[in-house]
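The values are calculated or read from the model by the stated rules, or taken from the named source; none is laboratory data. This is a predicted model, so every value here is computed, not measured. Glycine also receives a Cβ, built like all others from the backbone with ideal geometry; neighbour counts cover every protein chain displayed.
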Amino acid sequence: MKKSASARALEAAAAERILIIDGAMGTMIQRYKLDEADYRGERFKDWKQDVKGNNDLLVLTQPDIIEAIHGEYLAAGADLLETNTFNAQRISMADYGMEELSYEMNVAAATIARLAADKWTKKTPEKPRFVAGAVGPTNRTASISPDVNDPAFRNVDFDQLREAYKEQVRGLIEGGADIILIETIFDTLNAKAAGVATLEVFEEKGVELPIMISGTITDRSGRTLSGQTPEAFWYSMRHLRPFSIGLNCALGAELMRSYLAELAAHADTRVSAYPNAGLPNEMGEYEETPDDMACQIEPWAKDGILNIVGGCCGSTPDHIGHIAEHVKKYNPRKIPEIPPKLRLSGLEPFIYG
């Protein structure tokens, strides 16, 4: 399939500079102090259960707020705008009895982000802005039993994930996403279901968008929740030929560097990172200042291990603005030529020969 014009523009931009991805959506939504009625809006005022906390629903009930948040990140220097769809698939929406709204949410979210991005591209045509359709991990895991007394039990299977993701990806494409971003991956099997779903939708629609993949190292063990090291994770996902591979969430910049460097050493594609604004305090709040976060990230750019960078939990437009300012003088990481070998992955990598 032929690459789209936006895909070609994205590749050109990534060759010129380190691209900036936006920051946390949830952190910004919290600033609005929305109550149950705000989440429901007029359309869902009589909904059968509470919906406060369903941030993805806001693309239907408070679209102006979501567009305003996108605008703040674009003004701060973001090149890539994530849609507000982290949980917008049937599996997660079941918590609110809103499974049937999943497709509509994705179309609406991508449309809102598309409008915001296009406004800024029109202002600065030399710096086009792109919409990354955010595909989160769901609230279930295909690799691990939720019942400690029954290790073989699973509360979701591969095909259930695949079908939920297909519906989500269709909506994101219909709404105008330039990229499919499979993010915050804690279970590689979930991510592989998302990858299969994405390729199937591409085939259905006769389109091919860039795919970004971003895993999460859950603690100082240096592994995903399903047990893989960063290198093994890359070997599990490289068949998708992604536009980028990277890490986000869970860790602050200080703790993420070594794992990011591991990916940068082994991946023959671009590397992305959007860490949290430090680690949460005892109240669950993120206290790392924009300058502190940017100063920790700048050496990554200086040392040539970054192509795309931004922020996750606790980050704001101020954080993104500082990061953009600190990395703009550095060239993007050069994609290395990796010698062809048989590279397999379990929890750890295996390279034959």
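See the values below:
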{"quantity": "Residue match in region 55-70 (condition: small (Gly, Ala, Ser), assigned to a helix (DSSP H, G or I) and either within 16 Å of Asp22 (Cβ to Cβ) or touching a Phe, Trp or Tyr at 6+ places or on another chain (Cβ under 6 Å) (or both))", "calculated": "yes"}
{"quantity": "Every residue from region 78-135 that is within 18 Å of the chain's Cα centre (by Cα), in a loop (DSSP other than H, G, I, E, B) and not β-branched (Val, Ile, Thr)", "calculated": "Ala78, Asp79, Asn84, Phe86, Asn87, Ala88, Gln89, Arg129"}
{"quantity": "Evaluation of Met1 against (1) modelled with pLDDT under 95; (2) among the aliphatic types (A, V, I, L, M); (3) not in a loop (DSSP other than H, G, I, E, B) (one fails), failing number", "calculated": "(3)"}
{"quantity": "Only one of Glu183, Glu167, Glu203 that is among the charged types (D, E, K, R) and surrounded by 24 or more Cβ atoms within 10 Å (Cβ to Cβ)", "calculated": "Glu183"}
{"quantity": "Test for Ala152: is it among the hydrophobic types (A, V, I, L, M, F, W, C), in a loop (DSSP other than H, G, I, E, B) and either modelled with pLDDT under 95 or under 14 Å from the mean Cα position of the chain (by Cα) (or both)", "calculated": "yes"}
{"quantity": "Hey, Ser258 out of contact with any helix residue (DSSP H, G or I) (no Cβ under 8 Å at 6 or more places or on another chain) and either at pLDDT below 95 or surrounded by fewer than 23 Cβ atoms within 10 Å (Cβ to Cβ) (or both) or not", "calculated": "yes"}
{"quantity": "Conditions (1) surrounded by 14 or more Cβ atoms within 10 Å (Cβ to Cβ); (2) out of contact with any strand residue (DSSP E or B) (no Cβ under 9 Å at 6 or more places or on another chain); (3) of a type outside the set (Ser, Thr, Tyr); number of the one not met by Met25", "calculated": "(2)"}
{"quantity": "Per-region count, region 28-58, residues within 21 Å of the chain's Cα centre (by Cα) and crowded, with 18+ Cβ neighbours inside 10 Å", "calculated": "7"}
{"quantity": "Residue among Glu254, Glu285 that alone is free of Cβ contacts under 8 Å to residues at least 60 places away in the same chain, within 30 Å of Glu348 (Cβ to Cβ), out of contact with any Lys or Arg (no Cβ under 8 Å at 6 or more places or on another chain) and of a type in the set (Asp, Glu)", "calculated": "Glu254"}
{"quantity": "Residues that are over 20 Å from Arg43 (Cα atoms), crowded, with 20+ Cβ neighbours inside 10 Å and touching a Lys or Arg at 6+ places or on another chain (Cβ under 9 Å), drawn from region 93-119", "calculated": "Ala116, Ala117"}
{"quantity": "Conditions (1) out of contact with any Pro (no Cβ under 8 Å at 6 or more places or on another chain); (2) within 17 Å of Arg223 (Cβ to Cβ); number of the one not met by Glu337", "calculated": "(2)"}
{"quantity": "Subset of region 160-181 [of a type in the set (Val, Ile, Thr) and either farther than 17 Å from Asp56 by Cβ or assigned to a helix (DSSP H, G or I) (or both)]", "calculated": "Val169, Ile173, Ile179"}
{"quantity": "Checking Leu344 against (1) assigned to a strand (DSSP E or B); (2) touching a Leu at 6+ places or on another chain (Cβ under 8 Å), the condition it does not meet", "calculated": "(2)"}
{"quantity": "Residue that is surrounded by the fewest Cβ atoms within 10 Å (Cβ to Cβ) [pool: residues in region 9-22 that are in contact with a strand residue (DSSP E or B) (Cβ under 9 Å, 6 or more places away or on another chain) and farther than 14 Å from Gly133 by Cα]", "calculated": "Ala9"}
{"quantity": "Subset of region 307-329 (residues that are touching a Leu at 6+ places or on another chain (Cβ under 8 Å) and in a loop (DSSP other than H, G, I, E, B))", "calculated": "Asn307, Gly310"}
{"quantity": "Contacts under 8 angstrom Cβ, first residue in region 119-130 being charged (D, E, K, R), partner part of a loop (DSSP other than H, G, I, E, B), 6 or more apart", "calculated": "Lys127/Asp79; Arg129/Ala78; Arg129/Asp79"}
